[in-house]
Amino acid sequence: MRKPLYRDHALVLRVQRLGEADRIITLLTRAHGRVRAVAKGVRRTTSRFGGRLEPFGHIDVQCTEGSSLDTVTQVEGIELFGRRFIEDYPRYTAASAIVETAERLTPIEREPSLRLYLLTLGALNALSQGERLPTLVLDAYFLRAMAYAGWAPALRDCAVCAEPGPHRSFSVPAGGLVCVNCRPPGAAHPTQTAIGLMNALLEGNWDAVEGVDVKVRNESSGLVAAHLQWHLERGLRSLPLVDRRETTS
Amino acid sequence: MYEGPIQDLIDEFGRLPGIGPKSAQRLAFHVLAADATDVKRLALALTRAKEEVRFCTSCFNVAEAELCRICRDPRRRDDALCVVEEPKDVVAIERTGEFRGRYHVLGGAINPLEGIGPDQLKVRELMSRLSSGSINELILATDPNTEGEATATYLALMVKPMGITVTRLASGLPVGGDLEYADEITLGRAFEGRRKL
């Protein structure tokens, strides 16, 4: 019996070696969610489409369905972002953290996740244009991806009792800013500018982000990373390797 | 499922990279059918490889002594250093006969998704070799994939302030191929790296 074929737009999240010359490609597709597919012979220099199946690629892919893994049969490149990232190490490390987050936020294979797909595509696109600092794009992606997953940090009202802010304490286990009555022991006390930056990144208000001091950006990054990793229950492998040197092109 | 030593053998073969359960079973029965002397030779080769092969203290290639064959060779150029990901890449470059300098094996490529950064590779050791002052050219021969290219970019970023010439292996069309079958990335790279005749 012929196996069913499907065609979809996808982002290449991860590639892993398989056997002599094959690879397992993890894709975040537009309509089919996260799928894992075998790409046969792509490590050989004679491969027709190996170059298009590198990480961070936005591709038009055709696969045959398999019982555990699908098989890639055709690939066309739409925008191969990896080519831009490899020339800029900080952007490469930020892009790695983005695709790892996308993979972790789609734990169930073949469950469509269009909003996350579009968000990840947008983040890679913004990163490739080089107009914004890679770490800011990364933090904006983390915050919005968490919002899609239902884990948006409370950045105005108290995360516990919903008392309107502004509040001065931030608790990752509580879910964001907390009022003086709900503040648990060990809560952080970030500056209001760091909270303002997180709000601006979550809402995509890039005008408010421009010119924010590096110290404030680091403070905000620390809170965002802690919040994300608390909800993911396991640290991101790529996050400690994100190069925070400041580069825009 | 088999019993006793044969199942143990199948399980051990099955743990090797690229060997599935069927291949493991085929290899195990091949070993059973083989001459006792052949099997002993195989067992000895495995044990000797594990006990005697180590990594060169200078370039981290596989070696039988403290230094590998290439690092011991006084006829090799000391002013050119070629950086590769794995020992098997050294063999591939040696087969070309084009390079007479020395090597440095990183032990992989930077891959944040797998938690591999510069600290997990032999980058610090490379910097220490470069600071000796005798090397004029650093050739980056990491794989032409995303991880390999990103590793080359990182190394170039670190090494260029030292005043050493950093070069990257060219990418392009395979010898003997037809142009129409080349993918757009490879063909694009070949155009970028075209040379004057």
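The values are calculated or read from the model by the stated rules, or taken from the named source; none is laboratory data. Computed from a predicted structure; not experimentally measured. With ideal geometry, Cβ positions are generated from the backbone for all residues, glycine too; neighbour counts draw on all protein chains shown.
Brief remarks follow.
Per-residue answers, yes or no, for (1) aliphatic (A, V, I, L, M); (2) under 26 Å from residue A:102 (Cα atoms); (3) touching a strand residue (DSSP E or B) at 6+ places or on another chain (Cβ under 8 Å):
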| site | (1), (2), (3) |
| --- | --- |
| A:139 | no, yes, no |
| A:146 | yes, yes, no |
| A:169 | no, no, yes |
| A:178 | yes, no, yes |
| A:185 | no, no, no |
| A:196 | no, yes, no |
| A:204 | no, yes, no |
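- Condition check for residue B:157: hydrophobic (A, V, I, L, M, F, W, C), more than 18 Å from the chain's Cα centre (by Cα) and not assigned by TED's automatic domain parsing to the domain that holds residue B:101: no
- A residue that is surrounded by fewer than 16 Cβ atoms within 10 Å (Cβ to Cβ), more than 10 Å from chain B (Cβ to nearest Cβ), out of contact with any Lys or Arg (no Cβ under 6 Å at 6 or more places or on another chain) and in a strand (DSSP E or B) cannot be found anywhere in region A:79-98.
- Tally of residues being away from chain A (no Cβ under 14 Å) and not in a helix (DSSP H, G or I) across region B:1-29: 5
- Filtering A:97, A:152, A:123, A:102 for residues that are over 19 Å from residue A:6 (Cβ atoms), in contact (Cβ under 8 Å) with a residue 12 or more places away in the chain and either in the same structural domain as residue A:171 (by TED's automatic domain parsing) or out of contact with any helix residue (DSSP H, G or I) (no Cβ under 8 Å at 6 or more places or on another chain) (or both) leaves a single hit, A:152.
- Where residue A:248 falls short, out of the listed (1) loosely packed, with under 14 Cβ neighbours inside 10 Å; (2) of a type in the set (Ser, Thr, Tyr); (3) modelled with pLDDT of 90 or more: (3)
- The set of residues in region A:37-70 being in contact (Cβ under 8 Å) with a residue 60 or more places away in the chain and away from every other protein chain (no Cβ under 14 Å) consists of A:64, A:65, A:66.
- Residue check: residue A:132 meets all listed conditions (1) within 14 Å of chain B (Cβ to nearest Cβ); (2) under 30 Å from residue A:226 (Cα atoms); (3) part of a loop (DSSP other than H, G, I, E, B); (4) basic (Lys, Arg) but one, namely (1).
- Out of B:96, B:146, sole residue that is surrounded by 14 or more Cβ atoms within 10 Å (Cβ to Cβ), at pLDDT below 95 and either among the hydroxyl-bearing types (Ser, Thr, Tyr) or more than 15 Å from the chain's Cα centre (by Cα) (or both): B:146
- Matching residues, region B:28-63, being within 21 Å of the chain's Cα centre (by Cα) and surrounded by 12 or more Cβ atoms within 10 Å (Cβ to Cβ): B:54, B:55, B:56, B:57, B:58, B:59, B:60, B:61, B:62, B:63
- Tabulated pairs, region A:14-25, first free of Cβ contacts under 8 Å to residues at least 40 places away in the same chain, second in a strand (DSSP E or B) and buried (at least 18 other Cβ atoms within 10 Å of the Cβ), C-beta under 7 angstrom, 6+ apart or interchain: A:16/A:23; A:17/A:23; A:18/A:38; A:22/A:38; A:22/A:39; A:23/A:15; A:23/A:39
- Among the numbered conditions (1) within 16 Å of the chain's Cα centre (by Cα); (2) loosely packed, with under 15 Cβ neighbours inside 10 Å; (3) at pLDDT 90 or above, the only one that residue A:242 does not meet is (2).
- Scanning region A:185-233 for residues that are part of a helix (DSSP H, G or I) and acidic (Asp, Glu) yields A:203, A:207, A:219.
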